[in-house]
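The values are calculated or read from the model by the stated rules, or taken from the named source; none is laboratory data. Here the structure is a predicted model, which means the values were calculated and not measured. Positions of Cβ are generated from backbone atoms using ideal geometry, with glycine treated the same way; all protein chains shown enter the neighbour counts. Remember, those area values only see protein heavy atoms, side chains included, never the ligands or the DNA or RNA. Shrake-Rupley method; radii C 1.70, N 1.55, O 1.52, S 1.80 Å.
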There are 2 protein chains.
Amino acid sequence: MGNVIFVTMALDLAADPVELTAALVDVPSVSGNETALADAVEHALRAQARHLEVVRNGNAVLARTNLGRDSRVVLAGHLDTVPINHNLPLRRTGEGEDLVLHGCGTVDMKGGDAVMLHLAATVTEPRHDLTFVFYDCEEVEATRNGLGRIERELPEWLRGDLAVVCEPSNAVVEAGCQGSIRVEVSTNGRRAHTARAWMGVNAIHGAGEVLRRLAEYEARQVDIDGCVYREGLQAVRIGGGVASNVVPDECVVTVNHRFAPDRSPEQAEAHLREVFSGFDVRVTDMAGGALPGLAHPVAEEFAAAAGGKPVAKLGWTDVARFAALGMPAVNFGPGDPSLAHTREENVPAAHIRRCAEVLARFVSA
Amino acid sequence: MGNVIFVTMALDLAADPVELTAALVDVPSVSGNETALADAVEHALRAQARHLEVVRNGNAVLARTNLGRDSRVVLAGHLDTVPINHNLPLRRTGEGEDLVLHGCGTVDMKGGDAVMLHLAATVTEPRHDLTFVFYDCEEVEATRNGLGRIERELPEWLRGDLAVVCEPSNAVVEAGCQGSIRVEVSTNGRRAHTARAWMGVNAIHGAGEVLRRLAEYEARQVDIDGCVYREGLQAVRIGGGVASNVVPDECVVTVNHRFAPDRSPEQAEAHLREVFSGFDVRVTDMAGGALPGLAHPVAEEFAAAAGGKPVAKLGWTDVARFAALGMPAVNFGPGDPSLAHTREENVPAAHIRRCAEVLARFVSA
């Protein structure tokens, strides 16, 4: 990894954030292997942002101003990526306004990290105190998430009046996030030989009613603070069957429900138990959403700086962790979130520049 | 295996067929390991049924009279069993009329084999010429089936005017057999993240219509020669799903259709394509049924000897192989066929005795 560290020593935080994105992409950082990139970020901040207090925690790097401002804005971005999928080294298409960076980590989320690093180094007298959180292991199981570790070990570093998570949002403000709950809906029957099928009860046939309810389900669209959350209820897996000549006695449909943040996970569960009444329903996984919280003055100010109308965040992001701490929290970052985790992931240079400009405008006096 | 051969040398064909069943069960013969039992059967026939021509073919043993009778009856039974499932050695419950033999192979089908061996040794001047076929590998893939090998290598040994397959039939005549066809019915969709489900098409939801048609399907009951065949259409497996947050783009329902022998496999396939019109249907497996053929004089005579009304065979057995050769073919053997392949398999002594009596009456002058 020696050559990687050599490359990262050259990170130029004050220069073009598009080139900074490219430099970050050039340091691979698949979850669990973020040391080289965390080292580079730490060294660059210590050398080029001397107005910040910098702390290293595992493979997370924390930096903040301590100017005694009335309010504090926390900006967060993860340093890790999903596994490389034949999409490194970085590739460029287009030029100038049409330049696009392609490759692992471009959209998720080194473009956002570059915007944060650029802001950290270039705005030395912000209107709000600023906290920058670069963290590890966001793309793996929640128990390894670096933000969770910081919450346990250095909780004061996450406190503030607004959290901006720089995950891709097409460079518009996405507010709050939807919750997600997964349940297994089971049907039961009685085994029999298929030659004497009337002696059994077919659990797969019984699941037809579960699928009917899914197909006929009308998902809510919920308007909160002007953000419209579009819910969803989808079977993501189905399985059943004993042998090729046996009437099966069990069938399990795994259902994922994405729900607007006006409902708690418990309310979402109660709703699913109602939708699937008469069936066995077992919760396997749930995560609450986050209300947009746009009524808060600092959030309102940020939305104004971004211009346009905030939209609802539909996926689940670490925004929900900040919301759980009682802070308004938004997503704001370059690139199309639907490209995340795809081999074709890319980020437009214009998005990176726009995000950098909006954030600079928001925090400049 | 020396001790096994020692045991089998003691097979007494002329004695009580119930005790002969027990002796056969005491020689394990899981498919592919029938040598010891085939040796015992061959030696016993050569020593105790000197009126028969005996031929050994692999682990099959063939024996026949050559009396120049006007008609010939072929009796067939497989020597192999499914794997032993903690159900050996043989166990007995009850006494006298209530005696039941428990253990691997009792019902499927050493009770039937014992009835055949007893008949072979004790009726030396039958009214019909008799052919006895004891064969191997019935419980495994069709390509290894010993009866198929005999059909290829010694086809004249299977010819006759009636075939009696001594598989368990509760000691009543079960005529013909149903056909079986398996198809995979697939639905397709378009993947999307579940947070933006409206961008996708859920293939599992689409399978709801397949399950609805299955649940609403009204199976035919077909009367042929007084035997009522009850058809069935059952999902035996369902599978679909990509990941826990992805709208799935494929779902496959495996369906097993058991059909009465008035339909050919091709007609059954055409019927399924109609039932599942609009869906992708792929045939994975099919086997034709067998018409009961009870109008044939020798079959009629056998049914009369058995008394009572022949019933339809619902499962698929090697009866269909004989039917394909143009012969009337029936199942007639001791024990409850629904116990076959279960750990609890057993055969009542009374069934064994009844079958032996019916066959002796049928072939005696």
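Quick notes on this one:
- Overall form of region B:71-124 per C-alpha gyration tensor (a/c, 1.5; a/b vs b/c): oblate
- Given their separation in residues at 0.36 nm each and the Cα-Cα distance between them, A:Val242 and A:Asn66 gain 56.9 nm when the chain is fully extended.
- Look at the alpha carbon pairs under 8 Å that are at least 6 residues apart: their mean separation over the length of region B:77-211 gives a relative contact order of 20 percent.
- Farthest positive-ward along region B:239-334 dipole, Cα basis, beta-carbon charges - from B:Asn331, B:Thr317, B:Gly240: B:Asn331
- Loop sites in region A:209-318: GluC sites (Glu not before Pro), DSSP, at most 13 other Cβ within 10 Å: A:Glu218
- Spin-label model, B:Asn188/A:Asp285: points 7 Å from Cα along the beta carbon direction are separated by 2.8 nm.
- Residues along region B:181-229 losing 50 Å² or more of accessible surface when the other protein chains are present rather than the chain by itself (probe 1.4 Å): B:Thr194, B:Ala195, B:Arg196, B:Trp198, B:Ile204, B:His205, B:Leu211
- Residues in region B:303-341 that a label on B:Ser364 would reach, taking backbone N under 19 Å of a point 7 Å out along Cα→Cβ: B:303-308
- For region A:179-287, the fraction of 1.4 Å probe accessible surface lying on carbon and sulfur atoms is 43 percent.
- Region A:99-164 and region B:328-354: distance between their alpha carbon centers, rounded to Å: 72
- Rounded to 5, the percent of DSSP beta bridges in chain B classed as antiparallel: 75
- Kirkwood Rh in Å, taken over chain B so that all alpha-carbon pairs contribute: 22.0
- Of the trypsin sites (Lys or Arg not before Pro) found in region A:47-87, those that fall in a DSSP loop while having at most 12 other beta-carbon atoms within 10 Å are A:Arg50.
- Take each residue of peptide A:246-252, count the partner chain Cβ atoms within 10 Å of its Cβ, and average: the result is 3.
- Buried accessible surface for the A/B pair, both sides summed and rounded to the nearest 100, is 3300 Å² with a 1.4 Å probe.
- Region A:179-287, relative contact order in percent, only Cα pairs under 8 angstrom and at least six apart counted: 43
- Inter-copy separations for B:Gln267, label at 7 Å along Cα-Cβ, nm, ascending: 6.1
- Computed Rg/Rh of region A:59-172, alpha carbon atoms with Kirkwood Rh: 1.01
- A 1.4 Å probe run over the protein assembly as shown, with the rest of the protein chains in place, finds 39 Å² accessible per residue.
- Placing a label point 7 Å from the Cα of B:Asn33 along the Cα-to-Cβ direction, the distances to the matching points in the other copies come to 4.9 nm, shortest first.
- Shape call, region B:255-365: gyration tensor on alpha carbons, a/c limit 1.5: oblate
- Mean separation of Cα contacts under 8 Å, 6 or more apart, over the residue count of chain B: relative contact order %: 23
- Across the identical copies, how the B:Thr93 labels are spaced - nm, sorted shortest first, 7 Å along Cα→Cβ: 7.3
- Expected 222 nm ellipticity per residue - DSSP helices of 4 or more, -39500 (n - 2.57), all of chain B, to 500: -8500 deg cm²/dmol
- Whole-Hz Karplus values for region B:314-329 come out as 9, x, 9, 9, 5, 3, 5, 5, 5, 4, 5, 7, x, 9, x, 8 Hz, taken residue by residue from phi with 6.51 cos²θ - 1.76 cosθ + 1.60 and θ = phi - 60°; glycine and proline positions read x.
- Here region A:42-99 has 46 percent of its accessible surface on carbon and sulfur atoms, given a 1.4 Å probe and all protein chains in place.
- Whole-percent pair-distance distribution, where bins are 20 Å wide, for the alpha carbons of the protein assembly as shown: 16, 32, 20, 19, 12, 1
- Per-residue accessible area (protein heavy atoms, 1.4 Å probe) orders A:Asp336, B:Asp98, A:Asp136 as B:Asp98, A:Asp336, A:Asp136, starting from the largest.
- Here the scattering of region B:179-287 is modelled by Debye summation over its C-alpha atoms, one equal scatterer each and no solvent; at q = 0.13, 0.15, 0.19 Å⁻¹ the log10 of I(q)/I(0) is -0.53, -0.66, -0.91.
- Taking every DSSP bridge with both residues inside the protein assembly as shown, close to 75 percent are antiparallel.
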